[in-house]
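See below for the structure under consideration.
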Amino acid sequence: MKGWINRMKYEAMIREIITKIGGRENIISAYHCATRLRFKLKEESKADEAGIKEIEGVLSVIKSGGQFQVVIGQHVGDVYKEMTAMYSLDGENTELKDAKEFKEEMKDKKVSSRLLDTISGVFTPVLGMLMATGVIKGILALLTATGLLSAGDGTYQILNIVADSFFNFLPLFLGYTAMKKFGGTPFIGMAIGASLVYPSIAVIMAGEPLFTAFSGTIFESPVYVTFLGIPVILMNYASSVIPVIIICYFAAKVEKFLAKRIGDLLRSFLVPALTLIISVILGLLIIGPVVSFISSLLGAGMSALFNLNATIAGFLYGALIQVCVMFGVHWGFVAISINNLATLGFDPITIAGLASAFGQAGVVLVILLKTRNKKLKSICGPALISSMFGITEPCVYGVTLQYKKSFLLACIASGFGGAIIGAAGVKQYIYGVNGVFGWLQTINPAVGFDSTTVAAIMACVVSFVAAIVLMLIFGKNVIQETNK
C-alpha cells in the first residue's frame, strides 16, 4: 500500500517536472546520480526553473556543465525509474540525438562545460558500483585490521574477489559508458576496455624485456613485444581511467567515419572489426602509453601541490567541496581521485572532504532542535541521517542553503576537519562513500589501523562539534528566521 501511495506521489511530481521542463520533446537525454535527475535539454530557456523549485519533492534546481539538474534526494532512483516508465525513456542515459546534433550542441558550449559534461556522463553510471565495492573493500580492511579475518582465509579471498573485480576491470565498464557518451556503439567500448585488461598482457610483462625505451629519462620503459617491428610499451591498465576514455573518444570517431563509407551488406561486422583493430592497436602503441604517462604525472603533481601545505589545502578543500557539489563542478575531483587510486594506489586529496558531511549534519541538528517550524523539522530529520551516511544534498538544498549563513558556518566547520585530515596525511585507499562508511576508506590495507584513520575520525567529530558550536554562537538569527 505504501509503495502504491509513493508511486502516485511520484507520478504527480514527475508530470509537473516534465511539463515545466518544456515537455518530453525538449529532453535530449536523462539519467540520474545519487540525488539528482540530470537532463540535457534542447532549449533550457523553455524550462520554468522557479516553477520546478516549487514542486513538492524537489529540493533545488542547478544548471551546470551543460545539464539541467533537478535535486530530488535519496529517492531519486525510484523517481527516475517511474519517469522512464511514464515517458519511455530507455536506459540510464537516453540519447535522442544523432552524432551531428551532438557535435553542433557541444560546439556552442565552453570548454569547461564540455569537460564537466563528459566527465559526469562517463562516471555517473558507475559511481554507485564504485561506492558499493569500495564499502565492501573497506569492511574487509576493517576485518583484517581487527584480526577477525586473515588475507589467507578462503572467506577473505572470495569476498576480496567481490570487492576487487569491479575496480580491477574498470576500463571495461568505462569503455561502455564512454563510448555511449561519445555517440559510438557501447559494446565496442567494452571490447576496447577488455583488450586493455586482457590477461596475456600481464603474462607478457612478467617475462624478460627485449630492450628498454627512453633509457635514462622519467619515461624509461621496458619493451616486451613489438607489432610489425614497432616497439609496444605495455602498461598495466587494470583499474586505469583516462586511457580507455581517450581511446573510446578516438574509436567513436573512427566508427562514425567507417559507417558512412561501408555499405549495408558489410557494415554490421566490418565496421566494428575495423574500429576495434584500429583503436586497440593505436591505443596500445600510442594513446595508452602517452595517456598513462600523463596520468601518472597528474597524480604525482596533484600530490606534490597538496604536500606544499597540506593543512591549508585540506582546509580549503574541506570548506569548498560542498560549494563545488552545489554547482556540479566536483566531477573534476572525482576523476582525479579515481586516477590517483589507479596510479598511486591511494588518494591524499579528495579525502579532505570527508568531514564536510558532518559539518552539514551538525548545523542541521541545531536547526532540528531549535526551530518550531514543523515542516522544516520533518525535512531536517531525514536530511541529518542522510548526511551522516555521506549524502549531503538533502541537508544542503533542503535546509542550510535556504539560510545562507547556516551553509557558510557548515562550510567553515568542514574546513576545520579538512585541515586535520591534511595535516595528518590521511589517505584514501579505496573509492567509497562519505559519512561514517567513509572512515573505512582510510584503513591502509598493508598495515591496518594507524594514526591517520584515527585522525580521519577525529576530523569528522571536530567538524560536527564545530558546526554545532558555530551555530549556537553565530546562528541565532538563523534560528529566528526559521521560525518566521
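Observations
- Under the simplified labelling scheme, the CYS324-VAL223 pair shows an inter-label distance of 4.0 nm, with each label point 7 Å from Cα along Cα→Cβ.
- Near-label residues of segment 403-427 by backbone N, under 18 Å of a point 7 Å along Cα→Cβ of ALA446: 425-427
- Ordering GLY353, ILE443, PHE474 by the projection of their Cα atoms onto the charge dipole of segment 309-482, which places +1 on the Cβ of Lys and Arg and -1 on the Cβ of Asp and Glu, puts PHE474 at the extreme positive end.
- Sites GLN74 and LEU308, calculated FRET efficiency, Cβ-Cβ separation with R0 41 Å, nearest 0.05: 0.60
- Segments 345-357, 271-283 sorted - mean Cβ within 10 Å per residue, highest first: 345-357, 271-283
- Using R0 = 41 Å, the C-beta based FRET efficiency linking ARG24 and LYS375 works out to 0.80.
- Sum of -39500 (n - 2.57) over DSSP H runs of 4+, divided by residues of the chain (222 nm, nearest 500): -20500 deg cm²/dmol
- Helix 76-87 vs. the chain, principal-axis angle (Cα, 0 to 90°, nearest 10): 70 degrees
- Links that overshoot a 31 Å alpha carbon limit, given the list LYS20/LYS256; LYS40/LYS374; LYS9/LYS427; LYS63/LYS260; LYS375/LYS476: LYS20/LYS256; LYS40/LYS374; LYS9/LYS427; LYS63/LYS260
- Protection-proxy order for peptides 229-235, 73-79, each taking the mean of Cβ atoms within 10 Å per residue, highest first: 73-79, 229-235
- Overall, the anisotropy analysis places segment 354-484 in the prolate class: the square-rooted eigenvalues a ≥ b ≥ c of its C-alpha gyration tensor yield a/c not less than 1.5, with a/b exceeding b/c.
- Contour excess over end-to-end distance, with Cα ends at GLU54 and LEU282 and 0.36 nm allotted per residue: 76.9 nm
- Measuring between their Cα centroids, segment 219-249 and segment 148-206 lie 16 Å from each other.
- The chain: angle of helix 356-370 to the longest principal axis, Cα-based, in degrees nearest 10: 20 degrees
- What separates the Cα centres of segment 410-484 and segment 295-364 is a distance of 13 Å.
- A Förster radius of 51 Å combined with the Cβ-Cβ distance from LEU316 to SER88 puts the calculated FRET efficiency at roughly 0.70.
- Extension gain from SER268 to PHE293, taking 0.36 nm per residue of separation minus the Cα-Cα distance: 5.5 nm
Computed from the coordinates by the stated procedures, all read-outs in this text should not be read as laboratory data. Because the structure is a prediction, the values reported are computed rather than measured. Every residue, glycine among them, receives a Cβ derived from its backbone with ideal geometry; neighbour counts consider all protein chains shown.
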